[in-house]
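Asker: Can you read through this structure? Questions will come right after.
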Amino acid sequence: MRVEATSKIDTLINQLDLNEHINAFKQFFSREHSLYIEGDQELHFRYIQALDAIEFNAPPKVADFTNAKLHLQKQGVLQFEQIFEFIKVVRYFRYFKNKNLSGIIGEWMEKFIIEPKFFEVEKYFTHDGKFEENLDEMLFGLGERIKEHKANISSSLKRLTSSPKISPYLIDTQVHLINDEESLLVRGGFNHVLKGAIVGRSSSGGFYVSPDVILKTKEQIRYITQEREAIFYTYAKEFSSKLAALLPFLNFIDKEFTKFDNYQARVLFAKSKNLQLIKSKKDSKIILEGFIHPALHHAKPINVDFSKNILMITGVNAGGKTMLLKSILSAAFMAKYIIPMKLNEHKSHIGSFKNILAIIDDPQNVKNDISTFAGRMQEFSRIFEYRDALVGVDEIELGTDSDEAAALFKVMLDALIVRGQKIVVTTHHKRLAALMADRDDVELMAAIYDEQNRVPTYEFMHGIIGKSYAFETASRYGIANNIVNEAKKLYGDNSEKLNILIERGSQLERELKQKHKLVDEKLESIKAKELELKEQKQMVYEELEREKKALKQSYESAINEAKQAARAGDMQAIHRAMNEANKKLPQAKKEPQIAQITEFNVGDSVKYHSKKGVIVAMKDKKEAIVEVDGMRVRVKTSQLKHTHIPHQKPKTDVNLNVQKRAGLKCDLHGMRAEEATEVLDKFISDALINGWDEVIVYHGIGTGKLSYAVKEFLKAHPKVKSFSDAPINMGGFGAKIVSL
């Protein structure tokens with residue numbers, strides 16, 4: 001879909017009175033974007049709907065990355081403020097990823113894998129973008145020296161203000177900061193007792209003087225500041241070099257944040273104003289139910305069915321015809337750009353249009369040097385340049401004889417329909433409406449007038465031609481009755497009879513509408529009861545989920561305590577914590593006894609501890625290699641049980657016991673290198689299955705051969721993240737702490 005020129009969009013927004021609404025919407029962007037989201041609109045809308053179901057914090061305001069990325073491409077040095085803009089986006093995506101969302105949003109967040117090198121830059125910035133000086137010993141020291149010098153300046157100025165020689169010349173005893181210079185406010189003649197530079201004058205004629213006594217200290221501060229700036233520049237250069245190497249990653253997060261920003265702005269704007277999100281469908285039908293134009297306050301909702309090619313709106317002056325036209329075009333515009341609006345999204349249907357065009361204003365003015373009708377002809381000629389457009393024309397016969405215009409515009413409307421246009425027009429004259437009324441592709445709609453109270457109702461009815469009520473409007477706005485009556489006589493009896501018939505038809509339509517309203521109210525009552533039952537069901541479900549969540553958190557808390565105890569090597573604490581965790585779990589149903597089969601073969605389904613897997617190899621009758629949760633484990637056949645289960649995706653088993661968690665230490669003392677690696681291989685496999693992320697291996701010091709074999713094995717093992725010598729109290733060089 002082609003993106004319309006910005007100037008044309010701005011003109012249309014102004015014509016449709018959407019300026020305030022669009023400007024309010026744009027405030028929710030983190031950085032400036034066009035209204036149109038490039039790409040697959042159906043996919044965009046799926047993301048928006050999924051995001052609408054989630055509670056989340058708005059992203060921070062972020063600058064555009066274009067200039068910063070170009071600077072990095074040219075090996076330039078970025079300022080800290082520019083670097084922090086990248087960090088803000090990465091931190092926000094990390095916040096969103098840590099929510100562990102499911103569905104389409106969760107899948108999207110999984111794509112954000114933050115480069116490890118980025119952490120080397122990010123760690124130097126606080127949450128509000130300040131440089132972490134504590135990470136650099138020299139910077140920290142220089143900062144402390146500046147604080148010390150500033151304290152000395154403050155002390156010196158306080159001593160001066162308490163000096164008996166200077167106090168007669170002081171206007172006040174405050175320290176004033178003028179042009180970044182600490183100064184005292186003194187009267188004329190101060191130079192006999194105070195040496196310093198005048199840095200400003202007060203409105204009362206006093207002098208702001210920066211004393212010479214603090215000049216030396218200020219020079220020292222300036223020198224230290226220059227040292228700090230040189231260090232900051234070194235860091236900025238280093239950070240820019242690292243970011244330049246990460247340009248593909250920065251381009252990715254920039255593109256994805258642009259999409260996310262477009263989504264979140266629409267979602268949060270809709271929530272803030274209680275608006276609905278609706279996207280245009282792949283047809284040209286427009287059905288609006290309960291639509292309220294955003295420029296109107298306390299307005300009556302609009303209900304309109306514009307499924308045909310032409311909608312012709314007639315009826316009373318000042319009855320809302322123009323606003324109805326603007327509402328139809330506004331709804332199509334906002335649906336095209338997925339901008340939230342007020343309507344019943346379940347009963348509304350808005351088609352898709354390449355172009356939305358409006359002929360609303362009077363083109364006649366001094367600059368144009370053109371008549372109203374001639375200007376209208378110019379505007380219509382431009383409409384013929386488009387295809388598949390939604391066109392709105394207000395007061396279609398404006399500026400010329402209505403009878404002639406009726407014939408001309410009928411032919412023009414026919415030609416526009418052939419070009420695939422969909423047209424909504426308003427008119428006060430019934431001639432054109434009468435010419436078009438008997439056609440199947442034309443929908444008539446009339447503004448309703450309250451005869452009894454002699455005022456417009458701002459409501460509309462389908463299928464009729466409405467009176468303009470020119471005489472009634474004239475009387476309502478102060479035209480004398482004798483003038484109005486004379487005009488009625490001149491208008492003629494036959495024409496008046498036609499108006500009476502039109503009004504009688506309108507009255508019948510109103511009565512039918514009242515009956516429909518009663519039926520709708522009963523239906524809404526039934527729907528309200530149904531909704532109440534659904535809400536009660538949802539409340540019960542949410543209560544159940546809260547209980548499950550509380551149970552899970554309690555169990556995880558106990559498990560974490562066990563892990564902490566394990567790291568400290570306290571086996572009694574491990575047993576206590578694991579027993580406490582298992583007490584909080586619901587009692588699992590006992591599984592049926594499985595008959596023991598002494599022989600095992602490749603391909604057998606087996607159970608190892610609480611995990612189920614398949615035998616992929618047999619070393620001998622006593623040992624087998626079992627594939628469990630994507631990992632291969634060498635085990636003794638005496639530890640296996642036969643089972644018969646269908647192949648399915650592995651499920652996480654939380655029914656753990658202390659025996660599974662007890663294997664945190666592996667003692668290899670006295671073993672040969674080959675024997676030790678076999679034992680260590682099985683130990684790591686068991687630790688992975690049981691969920692441990694850190695274990696300890698004892699190998700001793702001795703000749704160093706066993707220590708070397710253990711190191712080489714750990715380096716080559718694909719599941720070992722890192723390892724290091726244990727602390728002195730846990731074995732020192734004779735043991736290894738292994739992270740899995």
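Asker: May I ask you to verify whether Lys69 is basic (Lys, Arg), part of a helix (DSSP H, G or I) and over 14 Å from Ser30 (Cα atoms)?
Answerer: So Lys69 fits the description; yes.
Asker: Oh, and also: Which one of these does Asp212 not meet: (1) touching a strand residue (DSSP E or B) at 6+ places or on another chain (Cβ under 7 Å); (2) surrounded by fewer than 15 Cβ atoms within 10 Å (Cβ to Cβ); (3) touching a residue at least 40 places away in the same chain (Cβ under 8 Å); (4) in the same structural domain as Leu157 (by TED's automatic domain parsing)?
Answerer: Status for Asp212: all satisfied but (3).
Asker: Keeping to region 78-91, report how many residues are surrounded by fewer than 16 Cβ atoms within 10 Å (Cβ to Cβ) and not in a helix (DSSP H, G or I).
Answerer: Of the residues in that region, 1 qualify.
Asker: If a residue must be modelled with pLDDT of 75 or more and of a type in the set (Lys, Arg), how many such residues does region 546-567 contain?
Answerer: Total satisfying the criteria: 4.
Asker: Which one of the conditions (1) surrounded by 13 or more Cβ atoms within 10 Å (Cβ to Cβ); (2) closer than 30 Å to Tyr235 by Cα; (3) under 26 Å from the mean Cα position of the chain (by Cα) does Leu101 fail to meet, given that it meets all the rest?
Answerer: Among (1) surrounded by 13 or more Cβ atoms within 10 Å (Cβ to Cβ); (2) closer than 30 Å to Tyr235 by Cα; (3) under 26 Å from the mean Cα position of the chain (by Cα), the lone unmet condition for Leu101 is (2).
Asker: Determine whether Gly691 is under 44 Å from the mean Cα position of the chain (by Cα), at pLDDT below 85 and in a loop (DSSP other than H, G, I, E, B).
Answerer: So Gly691 fits the description; yes.
Table: residues versus (1) hydrophobic (A, V, I, L, M, F, W, C); (2) assigned by TED's automatic domain parsing to the domain that holds Lys611; (3) part of a helix (DSSP H, G or I); (4) in contact with a Ser or Thr (Cβ under 6 Å, 6 or more places away or on another chain).
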{"residue": "Gly670", "(1), (2), (3), (4)": "no, no, no, no"}
{"residue": "Glu678", "(1), (2), (3), (4)": "no, no, yes, no"}
{"residue": "Phe683", "(1), (2), (3), (4)": "yes, no, yes, no"}
{"residue": "Ala687", "(1), (2), (3), (4)": "yes, no, yes, no"}
{"residue": "Val695", "(1), (2), (3), (4)": "yes, no, no, no"}
{"residue": "Ile701", "(1), (2), (3), (4)": "yes, no, no, no"}
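Asker: What number of residues within region 26-57 satisfy the criterion of being farther than 12 Å from Lys271 by Cα and among the aliphatic types (A, V, I, L, M)?
Answerer: Looking only at that region, the number is 5.
Asker: Same structure again: Starting from region 625-636, keep only residues that are at positive phi, then list their pairs with residues that are surrounded by 13 or more Cβ atoms within 10 Å (Cβ to Cβ) and of a type in the set (Val, Ile, Thr) whose Cβ atoms are within a distance under 9 Å, requiring at least 6 positions of separation or different chains.
Answerer: Listed pairs, sorted by first residue: Asp629/Ile689.
Asker: What single numbered condition from (1) among the charged types (D, E, K, R); (2) under 15 Å from Asn262 (Cα atoms); (3) surrounded by 12 or more Cβ atoms within 10 Å (Cβ to Cβ) fails to hold for Glu42?
Answerer: Exception for Glu42: condition (3).
Asker: Going by the conditions given, is Ile146 more than 17 Å from Gly205 (Cα to Cα) and aliphatic (A, V, I, L, M)?
Answerer: yes
Asker: If I ask for residues that are assigned to a helix (DSSP H, G or I) and of a type outside the set (A, V, I, L, M), which ones from region 324-342 would you list?
Answerer: Scanning region 324-342 gives Lys326, Ser327, Ser330, Phe333, Lys336.
Asker: Out of all the residues in region 182-206, which are out of contact with any helix residue (DSSP H, G or I) (no Cβ under 9 Å at 6 or more places or on another chain), more than 18 Å from Lys218 (Cβ to Cβ) and surrounded by 13 or more Cβ atoms within 10 Å (Cβ to Cβ)?
Answerer: If the condition is that a residue be out of contact with any helix residue (DSSP H, G or I) (no Cβ under 9 Å at 6 or more places or on another chain), more than 18 Å from Lys218 (Cβ to Cβ) and surrounded by 13 or more Cβ atoms within 10 Å (Cβ to Cβ), then Leu185, Asn191, Ser202, Gly206 are the ones that fit.
Asker: Let me ask you something else. Show the residue pairs meeting these rules: Cβ distance below 8 Å; 6+ apart or different chains; first residue within region 250-268 and in the same structural domain as Leu43 (by TED's automatic domain parsing) and surrounded by 22 or more Cβ atoms within 10 Å (Cβ to Cβ); second residue among the acidic types (Asp, Glu) and assigned to a helix (DSSP H, G or I).
Answerer: Val267/Asp52
Asker: Return the residues of region 45-66 that are aliphatic (A, V, I, L, M), in a loop (DSSP other than H, G, I, E, B) and either surrounded by fewer than 15 Cβ atoms within 10 Å (Cβ to Cβ) or in contact (Cβ under 8 Å) with a residue 60 or more places away in the chain (or both); say none if nothing qualifies.
Answerer: Matches in region 45-66: Ala53, Ile54, Ala58, Val62.
Asker: Follow-up question, since we're still on this one. Quick check: anything in region 464-481 in a loop (DSSP other than H, G, I, E, B), among the small types (Gly, Ala, Ser), assigned by TED's automatic domain parsing to the domain that holds Leu324 and at pLDDT below 65?
Answerer: Checking region 464-481: at least one residue is in a loop (DSSP other than H, G, I, E, B), among the small types (Gly, Ala, Ser), assigned by TED's automatic domain parsing to the domain that holds Leu324 and at pLDDT below 65.
Asker: All but one of (1) over 29 Å from the mean Cα position of the chain (by Cα); (2) crowded, with 17+ Cβ neighbours inside 10 Å; (3) within 22 Å of Ser352 (Cβ to Cβ) hold for Ser307; state the number of the condition that does not hold.
Answerer: (2)
Asker: If you go through region 389-410 one residue at a time, how many are in a loop (DSSP other than H, G, I, E, B) and at pLDDT below 85?
Answerer: Matching residues across region 389-410 total 7.
The values are calculated or read from the model by the stated rules, or taken from the named source; none is laboratory data. If you're wondering where the values come from, they're calculated on a predicted model, not measured in any experiment. Note that we place each Cβ from the backbone using ideal geometry, even for glycine, and neighbour counts take in every protein chain shown.
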